[in-house]
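The values are calculated or read from the model by the stated rules, or taken from the named source; none is laboratory data. Note that the coordinates shown come from a computational prediction; the quantities given were computed from them, not determined experimentally. Heads up, the Cβs are rebuilt from the backbone with ideal geometry, glycines too, and the neighbour counts pull from every protein chain shown. Surface accessibility is based on the protein's heavy atoms, side chains included, excluding ligands, DNA and RNA. Shrake-Rupley method; radii C 1.70, N 1.55, O 1.52, S 1.80 Å.
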Amino acid sequence: MTTTTKTAGATAAIGGTLAAGGVAAQTMPPLGPNSTAVPGPGDYNGGSVDFTRTGVKGKETFGNFGCDTFDGNPNTPDWTTANAYFVRTVQNVDITMPDGKKIRCWGFGDPLKAPGRELLPSPVIRVQEGDLVHVKLQSSKGTHTIHHHGIEPTTMNDGVGHVSFEVKDDYVYQFQARHAGTFFYHCHKNTVTHFEMGLYGLLIVDPKPENGRVLAYAGGPFYDVEKFWVLDDMDPRWHQITNLDHDVGLCGDDAGLNIFEPKYFLISGTPTRPNVLADKQKIVAKPGQKILIRLLNASYSVLQVMFEGLEVQVISVDGHALNKPWNKWLTIAPGTPFTLPTAQRYDILIDTASPANQAKTGYAHKVHFEFQHWVTRKVHNAGDKMYEGRAFTTITI
Amino acid sequence: MKRRDFLKYGAAGLATAGVGLSPFEAFAQALTGTAEIKLGITDVETRLVDGDKVNMLAFKLYGGAGPLATGRVPGPVLRVREGSTVKITLTNDREEAHGFEITGVPGTKTQIAPGGTSTITFTAPVAGTYIYHDSLGDTPLYRILGLHGVLVVEPLNGVTLLGSRTPYSLDKLAPGSRTAVSALFDALGTTDRFQGGADGKWVPAPLTAEASIREKIWICSAIDPKFNALIERGKPIVLNPALTTNVVDNFVPSYFTINNRSGYDLHADYDGMLPAIAKNYIGEPTLFRIVNVGLAHHANHFHGNHLMELARVDLNPTSSTYGQMIVPENIFEVDTTAMWPMQRRDLLLPFEIPPDIPYQIPVSSPTGGQFQRMVNKQAQEPFPLRYVMHCHTEMSQTAAGGNYPQGMVCHWEVLGGLGGRAKVAG
Ligand SMILES: [Cu+2]
Ligand SMILES: [Cu+2]
């Protein structure tokens with residue numbers, strides 16, 4: 001692994017809206033690097049694949065179910081030329097928490113386009129509906145995988161070790177993006193620890209532009225302001241033991257991985273403190289604008305969210321638009337708390353010109369996040385001025 | 001973790017089809033308007049995925065076969081028809097009192113003295129998925145120790161105007177919910193996305209079966225062995241008020257189960273166990289009735305297909321519909337669903353072609369899609385496509401503090417393309 005140290009404000013402008021979630025007025029969101037410094041992998045056959053060395057044809061046993069999982073660097077079966085191409089490496093990231101402690105995290109790096117770019121969350125993979133996507137994972141210091149969460153490709157491209165394989169050197173994941181919406185990608189090796197370490201980023205599928213404008217999805221709403229809120233919680237004990245042993249607990253040790261007691265709470269990589277505005281994550285919009293928030297619970301808590309003062313609409317859940325004959329947008333009244341389980345995404349639209357919201361200009365409306373324990377549902381570290389599981393930021397119109 | 005002897009199952013232990021058709025003669029009467037079910041409460045031993053054994057408490061079914069007759073966690077899946085009269089006789093083999101209740105069904109709460117018998121009679125409620133359990137003393141203790149099971153109520157009027165079968169009594173739904181449920185079940189088999197014609201419709205399980213090809217029951221739970229250690233077979237539970245007065249606060253689960261199995265023990269279905277794995281062809285939509293009888297908040301995530309969230313229980317105590325089963329008028333398509341303690345959800349896995357398998361190749365001038373090439377045997381990657389389902393609150397993916405992924409993980413399989421089952425059957 002190479003080590004990069006996270007520095008505040010290092011977010012480059014590449015791609016406009018990045019992992020740190022800069023607010024960008026846009027008519028045309030940055031597509032994934034459809035052509036990067038490295039061309040697409042070209043028109044050659046991926047070559048043969050020995051499926052017996054993977055969970056696809058290999059016999060599943062108790063031993064290889066978790067401990068001695070299939071690993072390797074096979075060719076991508078049924079290789080076909082891509083038009084969107086990404087590379088992801090695995091890197092160390094040290095995050096300085098509000099109590100001054102540095103916590104070792106891991107993030108996916110993008111060696112082609114984003115040196116120095118923030119790695120927590122990892123750089124966004126942004127593609128267009130219909131794109132044939134190749135994501136090349138370059139593992140280092142042991143195996144990793146990428147599961148493109150909510151994307152539904154073949155088993156070999158799904159990134160789950162015990163039914164396919166873990167990536168030893170490198171592998172090119174292949175899929176074609178069908179649904180425009182908000183997805184994410186994360187490592188699915190010893191997931192309990194590798195996801196906790198920060199090996200995740202957003203994956204956004206944009207619809208094809210209509211009249212030069214990119215909507216939330218085909219036939220869906222246009223938005224002027226886009227924000228990513230990815231919520232995470234961290235238990236420093238977990239980071240310590242995982243950094244020491246990449247395979248912690250895998251082969252029989254009791255590493256206490258059934259016990260998760262987070263002390264740190266982050267919004268899109270920004271460490272927060274209770275009752276202190278997460279300034280970097282606030283949204284500022286002009287009256288009349290539409291705001292699209294892509295909300296992901298990447299924590300291991302029950303996440304409770306509450307928008308003060310503003311009426312919001314859920315327009316898409318888990319990357320599937322609420323535009324089917326059996327569903328519709330969900331309106332959430334101001335001040336109404338709702339919860340998200342781990343890994344769920346809500347695409348939230350705020351129409352500042354709607355009847356409910358148009359008189360709300362000139363205020364900073366608070367948005368509260370509460371991280372609740374997965375067994376007791378009590379807020380973590382209640383009452384603690386430093387470690388309580390609460391965060392907030394604002395939306396100013 | 002002990003490298004437990006996983007060959008113990010041997011070839012004979014592997015289930016034949018995993019369909020779970022059990023000899024439920026006891027239920028045949030359910031069809032005719034009255035169901036009589038005889039359950040017992042007894043001690044059992046469960047072997048955990050790492051080979052450790054714990055004592056549990058179980059329901060058993062008089063008239064059942066195999067483990068159902070001797071006691072199994074979870075208890076037998078009971079199926080009755082909406083509006084029918086249901087009589088459940090409970091016999092308590094143990095040396096202490098037990099309780100019984102079907103959450104959300106009035107008139108089902110009772111107590112059974114040690115060695116005694118108790119009978120409840122009630123009218124089967126509105127169609128849906130229910131949890132029966134021992135709630136004696138309003139503690140979840142006996143429930144998490146194994147005294148839990150699922151009651152499925154089949155609809156009286158579950159057929160849409162266009163003739164599609166659904167799990168709900170459409171005449172009892174609010175108009176918006178009826179419209180949404182009808183739109184979804186009518187779409188099955190009839191659209192580009194959900195193909196298959198008449199065969200592409202959802203088919204309910206028989207009243208006499210625990211599960212079927214197109215209907216699975218998943219009962220999520222968790223085990224903290226220090227609570228199981230209170231059980232001594234043939235004796236009342238050891239008194240330990242420090243532990244049992246507030247079960248939730250003292251509960252530190254270290255095994256996470258579906259149908260009382262986890263990890264490798266869920267990779268296949270075995271005879272006598274409640275089956276978990278759906279192995280179907282494209283165009284065979286499958287209903288998952290998922291409940292959580294444990295005490296952790298789970299986030300069940302399916303790979304491979306999004307699922308439609310059909311019904312749930314309102315668990316928000318401040319809501320006007322608290323405790324009620326909600327069939328929504330807004331059916332979300334999700335890859336992750338919140339399974340809180342005592343949540344009951346019905347989700348439809350459409351068995352559509354996994355949407356992100358390259359469907360236009362080559363992308364520059366498409367001539368076809370990879371899935372069809374797989375069906376035609378022109379592709380490298382073979383069937384079955386296997387997709388995991390796991391809880392994303394990943395602590396639940398461990399066993400005994402580590403051993404990822406020996407926890408709450410299961411999978412489902414795409415055996416082949418549209419009409420594949422008929423082709424195989426010849
Ligand atoms: Cu995931
Ligand atoms: Cu996953």
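Measuring nothing but how far apart in sequence close Cα pairs (under 8 Å, 6+ apart) lie, relative to its length, chain B scores a relative contact order of 15 percent.
Cα centroid separation, segment B:114-174 to segment A:212-255: 37 Å. Between the amide H of B:G83 and those of B:A124, distances stay under 5 Å, these residues lying 5 or more places away or on another chain, with hydrogens modeled in the peptide plane. So what is the relative contact order for segment B:265-339, in percent, with contacts set as C-alpha pairs under 8 Å and at least six apart? Relative contact order for segment B:265-339 comes out at 30 percent. Both chains summed, the buried accessible area for B and A stands near 6900 Å², from protein heavy atoms and a 1.4 Å probe. Ranked by solvent-accessible area (1.4 Å probe, protein heavy atoms only, all chains present), the residues A:D71, B:D199 order from largest to smallest as B:D199, A:D71.
Counted by Cβ distance under 13 Å from B:G137, the other residues give a net charge of -2, where Lys and Arg count +1 and Asp and Glu count -1. If a/c stays under 1.5 just call it rounded; otherwise compare a/b with b/c (prolate if a/b is bigger, oblate if not). Do that for chain A, with a ≥ b ≥ c from the square roots of the Cα gyration tensor eigenvalues. It is oblate, given that a/c is not under 1.5 and a/b is not larger than b/c. For segment A:225-396, the mean projected area of the C-alpha convex hull, equal to one quarter of the hull surface, is 11.8 nm².
Rounded to the nearest angstrom and listed largest first, the equivalent-ellipsoid semi-axes of the protein assembly as shown from its Cα gyration tensor are 41, 30, 28. Quick one: grab the alpha carbon gyration tensor of segment A:194-288, order the square roots of its eigenvalues as a ≥ b ≥ c, and give me rounded if a/c is under 1.5, else prolate or oblate depending on whether a/b is larger than b/c. Here segment A:194-288 falls in the oblate category. Couplings for segment A:238-254, taken from phi via the Karplus curve 6.51 cos²θ - 1.76 cosθ + 1.60 with θ = phi - 60°, read 5, 5, 5, 6, 6, 5, 6, 9, 3, 9, 3, x, 4, 10, x, 6, 8 Hz in order; Gly and Pro are left as x. Across the protein chains, with a 1.4 Å probe defining accessible surface, the residues B:E95, A:E129, A:E308 rank B:E95, A:E308, A:E129 from largest area downward.
Comparing B:L78, A:H162, A:I350 along the charge dipole axis of the protein assembly as shown, the residue lying farthest to the positive side is A:I350, per the Cβ-charge model. Separation of segment A:56-127 and segment B:224-258 by C-alpha centroid, Å? A separation of 39 Å, based on Cα centres. In this structure, the residue pairs whose Cα-Cα separation is over 23 Å, taken from A:K282/A:K328; A:K57/A:K189; A:K59/B:K60; A:K101/A:K263; B:K201/B:K423; A:K101/A:K280, are A:K282/A:K328; A:K59/B:K60.
The slack in the chain from B:K235 to B:L161, taken as 0.36 nm per residue of separation less the alpha-carbon distance, amounts to 21.1 nm. Angle of helix B:175-187 to the longest C-alpha principal axis of chain B, folded into 0 to 90 degrees and rounded to 10: 60°. In this entry, segment A:192-232 is assigned a mean projected area of 4.0 nm², taken as a quarter of its C-alpha convex hull surface. Principal axis extents of the Cα atoms in chain B, from largest to smallest and rounded to whole angstrom, are 72, 52, 45.
Put a plus charge on the Cβ of each Lys and Arg, a minus charge on the Cβ of each Asp and Glu, and nothing anywhere else: the dipole of segment B:313-426 about its Cα centre is then about 500 debye. For the pair A:E129 and A:V276, the difference between a 0.36 nm per residue extended length and the Cα-Cα distance amounts to 49.1 nm.
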